[in-house]
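Asker: Here's a structure for you.
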Amino acid sequence: MLKCKNSDDVIRAVREHGLELVELWFVDVLGGLKSFQVLPDELEIALEDGMGFDGSALEGFCRIEESDMLAKPDPTTFQLVTWRTGEPATGRMFCQILHPDGRPFDGDSRACLHRVLQRAARRGYTLYVGPELEFFLFPNAQAPLPTDPGGYFDAPPHDLGTPVRRAVIAGLRAMGIDVEYAHHEVAPGQHEISLRYAEALRMADAAVTYRAVVKDVARQHGLYATFMPKPIATINGSGMHVHQSLFKNGRNVLHDPSAPYGLSREGRAYVAGLLRYAPEFTAITNQWVNSYKRLIPGFEAPVSVVWACRNRSALVRIPQYKPSQENAFRVELRSPDPACNPYLAFACILAAGLKGMEENLPLPAPVEEDVSALSEAQRRERGIATLPGSLESALAAMEASTLVRETLGEHIFAKFLQNKKAEWELFRAHVTDFERERYLSRL
């Protein structure tokens, strides 16, 4: 595994490994991976000045009259791209997006997360996250048919995804991304590879890399991998549970071994912040029309805004695997899905938790029973709110949110809303097979 500290290290590594190309990576406002390649002869210029591209051609970037943009690589993110079999080795770096005069671009998702992390750092805090990104393996993109009959933690022959997961893990480890474990998930054809916790910006880079590696490796095995939240209506969808711990002066401030559930005073306020602001940031963590087909009762996805220790249908869970170990203690947000923009998702999650701490929000009692079994009147009596039930309602909550607007900045906030409202209007106007089958012969 390479570790580059500066531009000189990158140039030296490119020469030593005889690389023919270096890929420059960044994401658009929706988290879609974008890349272009530079030759080694151009690398020094790219590292010093950045490389120009047309920003108006990318989702959520800029207008035609403001199209010239620069992608400036971050040398500390340089790694070899080793998982593509049969191809010459290349290098990869994530980029900062700049205006031609060198000013940071307000539509840069990675810079948005960095800004929120810097704000937390000024108060002494460092956020570590460990996401669990689930995915399905299908024969191809047109046939959502599970490639095996396996269930949770099944072994071969029911689990046929082991070779794919093994190759993905090898590719990730070669790029310095630590993996905790991998296994078959609950639904047929569904899999999970959990990444070992890391500082939030590094982890967002790792999540983008993970999605690219999974898709590439699946293709090499003649399969199609998808992070679509709910590809099949009758089985569990794919989530991205986000485990979080917040450190200050070398200590996990969310943890107090003498307190109930191991939650410190700061930890209780942090969780309360997640609960208070989750409806407002749900459009970010669940950004697609399809995301809300997953967020329904009965499929282990959270709907009610509650927290718990054992209840896996709760929005926030406090895992109790090692409650006395400070470094292992974390808070788990269960609503996000793996198709979100991880930079924006982590930024909003941290902002919500910190806001809860700033406001010293009180934490309600945990809810360990199945909330879906409660009547609407019982939920209302207990003050149990629900997450938005559609992209339309999530966008309305986001648009009214001062927290999300301040976290994302005006540019990303406006461009994201514009794109998602257009998506909702396309969906709203679409006549589905469900409607034809249900109504055509009856009405």
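Asker: Treating the beta-carbon of each Lys and Arg as +1 and of each Asp and Glu as -1, no other charges, what is the dipole magnitude of the chain about its Cα centre, to the nearest 20 debye? Please report the intermediate quantities before stating the final value.
Answerer: Details: 49 positive and 56 negative charges, 245 e Å.
The dipole of the chain has a size of about 1180 debye.
Asker: How far apart, in nm, are two points set 7 Å out from the Cα along the Cα-to-Cβ line at residue 48 and at residue 142?
Answerer: 5.1
Asker: Between residue 442 and residue 400, what length in nm is gained on full extension when 0.36 nm per residue of separation is reduced by their alpha carbon distance?
Answerer: Between residue 442 and residue 400, full extension yields 11.1 nm more.
Asker: Once amide H atoms are placed 1.01 Å from N in the peptide plane, what residues at a sequence separation of 5 or more from residue 195, or on another chain, have their amide H within under 5 Å of its amide H?
Answerer: Close amide H contacts, sequence-distant or interchain: 133, 180.
Asker: If each DSSP helix of 4+ residues adds -39,500 (n - 2.57) and the sum is divided by the residues in the chain, what number results at 222 nm, nearest 500 deg cm²/dmol? Walk me through the numbers before you get to the answer.
Answerer: Details: 13 runs with 158 residues, N = 443.
After summing the helix terms and dividing by residue count, I get -11000 deg cm²/dmol.
Asker: Still on this structure: For region 7-105, rounded, prolate or oblate, judged on the Cα gyration tensor with a ≥ b ≥ c (square roots of eigenvalues), a/c < 1.5 rounded, else prolate if a/b > b/c?
Answerer: Working: a/c = 2.43, a/b = 1.62, b/c = 1.50.
Prolate, since a/c reaches 1.5 and a/b exceeds b/c.
Asker: Once you place label points 7 Å from the Cα toward the Cβ at residue 359 and residue 9, how far apart are they in nm?
Answerer: So the two model labels end up 4.1 nm from each other.
Asker: In percent, how large is the relative contact order of the chain, given Cα pairs closer than 8 Å and 6 or more residues apart?
Answerer: Value for the chain: 15 percent.
Asker: Right, next: Arrange the following residues from fewest to most other Cβ atoms within 10 Å of their Cβ: 5, 34.
Answerer: Values: 5 10, 34 17.
Exposure proxy ranking, most exposed first: 5, 34.
Asker: Please work out whether the chain counts as rounded, prolate or oblate from its C-alpha gyration tensor, where a ≥ b ≥ c are the square roots of the eigenvalues and a/c under 1.5 means rounded, while otherwise a/b larger than b/c means prolate and anything else oblate? Don't skip to the end; give the middle numbers.
Answerer: On the way: a/c = 1.39, a/b = 1.25, b/c = 1.11.
Because its axes are fairly even, with a/c under 1.5, the chain counts as rounded.
Asker: At 7 Å along the Cα-to-beta-carbon direction for both residue 99 and residue 181, put a label point, then send me their distance in nm to one decimal.
Answerer: Once both label points are built, they end up 5.0 nm from each other.
Asker: How long is the gain from residue 380 to residue 33 if the chain were fully straight, where each residue apart is worth 0.36 nm and the alpha carbon distance is subtracted? The partial results should precede the final answer.
Answerer: Working: separation 347, 0.36 × 347 = 124.92 nm, distance 4.17 nm.
Here the segment from residue 380 to residue 33 would lengthen by 120.7 nm.
A short reminder: the numbers here are calculations on the coordinates, not readings from a lab. Since the structure is predicted, the reported quantities are computational estimates derived from the model, not experimental observations. Quick reminder, even Gly has a Cβ in these numbers, built from the backbone with ideal geometry, and neighbours come from all protein chains shown.
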